[in-house]
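Accompanying notes for the structure given below.
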Amino acid sequence: MREIFVISLRGVSLAVLLLLIATAASAASAADSEPPFRRGEIVVAGSPEDISSSFKVIKYLPNADLTVYQVEPGRELGVAMRYLQQGRRAGLNYLATASLTVNDSYFVPYQWNFTAVQSEEAWDISTGSGVYVAVLDTGLSAGGPDGIGCVGPSYDIVNGDAFPDDGNGHGTHVAGTIGQSTNNNKTGVAGLAYDACIMPVKVLDDNGSGSFADIAEGVYWAVDNGAQVINMSLGTDARFNIRSDFIMDKALEYAFSNGTTVVCASGNEGSRKNVSYPAIYPTTIAVGATDYLDNVTRYSNKGIGLDIVAPGGDTLKDLNGDGYGDGILQETYLTNWNYYFFEGTSMAAPHVAAAAALVIAVNPNISPAAVFEKLTSTALDIHEAGYDKTSGHGLLQVYNALAGTTAGEVSGSGTDVDNDGWSVEQGDCDDTNPDIYPGHQDSKGKWGRDNIDNDCNGIIDG
């Protein structure tokens, strides 16, 4: 078994929110792990009417006479034990996969983060095939025993050539979370959208710093070269409270208007009220970070404008008992090729970019607004019920987002002409506009006032 190293990847600079704090840890043997289960859920035999409970009912399964309850992540076993003591059959909601089980040797137990977002169930529906995901970062290192499954057109804006070599390690790690080679003869780790094609665009130098002009150029280049998703694990320090910039704003709007979904890290300053730019910008998806217990991490920026959270890790803790800090494990090149645990909202964002790729692979004509709705409306509440400033709409759940995604059709509910996930029969009051459907955020939401009844409630901007 190769050595695995723990790297704490948090911190900021004015132009980017990444700083390597390298701490190499010697290899340790992995402890036996709990079989995978759906965190935040327990199952109790009986109907909700027959069970005395203050927990939220996720679903009742009448044929099996089982009720699935939502509980606080990390407390599943304790709550289930209480029902057992009352004489009821209860337990964890263990996971099984119908077909695809990846054979990468480090997937279990080290890539806990993918189980947290329903990767195994999602892979039975989509693996991201045919989707191009641009990673605007420090570049991509070529080679490595594991590698990226598909690499598309690439560009080095920092040095002005077509070879975006990664002299930092950050960009390669981020790209791996999305598109690491998977099911490749039991080698290494997996990627969440492993059949998607990575477009590496070097907009940050090898110190992890990049200008807005270079980043904006990278956005335009990625869109013009066919990127359906852009991941930007970069941003400004949230303390500066930047919300708009004449250079970057136009590039972000260009991506949105051309059908490209842009995903950004919320930042690592631990702010309770500010999200970094460009994550705060209305047309992007702002992603915060969670730990092994699905709690929002201490470093993750919070506030109005945070949209969703995904695993970012915490290398200071080993809550799953695998002998390593609970970071996000991917292959990258630092002083040599190896598998490294990083932490940060930089690691959380590519989970959401990969999820967007999985959704787009099923419905290639879906709009960025509809992708946003798919991902946020199906997220798991892990903090306050509904939207909150700490966790946004909740923890990314990829299978949930995919379960109702079809190519232009809404099963059993009519035709979805504009591919926004809603048909006229379901209440879409304008099935020619993908930014109009029940539940879309109206004047108080992400896209602001536009003199349109976006949520079909009969009130313009309200």
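Does at least one position in the range 155-162 carry a residue that is part of a loop (DSSP other than H, G, I, E, B), in contact with a Leu (Cβ under 8 Å, 6 or more places away or on another chain) and farther than 27 Å from S257 by Cβ? No, because not a single residue in the range 155-162 is part of a loop (DSSP other than H, G, I, E, B), in contact with a Leu (Cβ under 8 Å, 6 or more places away or on another chain) and farther than 27 Å from S257 by Cβ. Among the conditions (1) surrounded by 17 or more Cβ atoms within 10 Å (Cβ to Cβ); (2) modelled with pLDDT of 95 or more; (3) not aromatic (F, W, Y), the only one that P434 does not satisfy is (2).
Listed here are the residues, each with its yes/no results for (1) in contact with a Gly (Cβ under 7 Å, 6 or more places away or on another chain); (2) under 26 Å from V158 (Cα atoms).
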site	(1), (2)
A213	no, yes
N231	no, yes
M248	no, yes
Y254	no, yes
A265	yes, yes
T290	yes, no
T297	yes, no
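The residue of the range 72-110 that is modelled with the lowest pLDDT, among those that are within 25 Å of G46 (Cα to Cα) and among the small types (G, A, S), is A96.
If Y220 passes every condition in (1) farther than 22 Å from Y277 by Cα; (2) of a type in the set (S, T, Y); (3) in a helix (DSSP H, G or I) but one, which one does it miss? Every listed condition holds for Y220 apart from (1).
S154 meets all of the listed conditions (1) out of contact with any strand residue (DSSP E or B) (no Cβ under 7 Å at 6 or more places or on another chain); (2) surrounded by 19 or more Cβ atoms within 10 Å (Cβ to Cβ) but one, namely (1).
The values are calculated or read from the model by the stated rules, or taken from the named source; none is laboratory data. Computed from a prediction, not measured in an experiment: that's the story for all the values here. For neighbour counting, all protein chains shown are included, and Cβ atoms are generated from backbone atoms with ideal geometry for every residue, glycine included.
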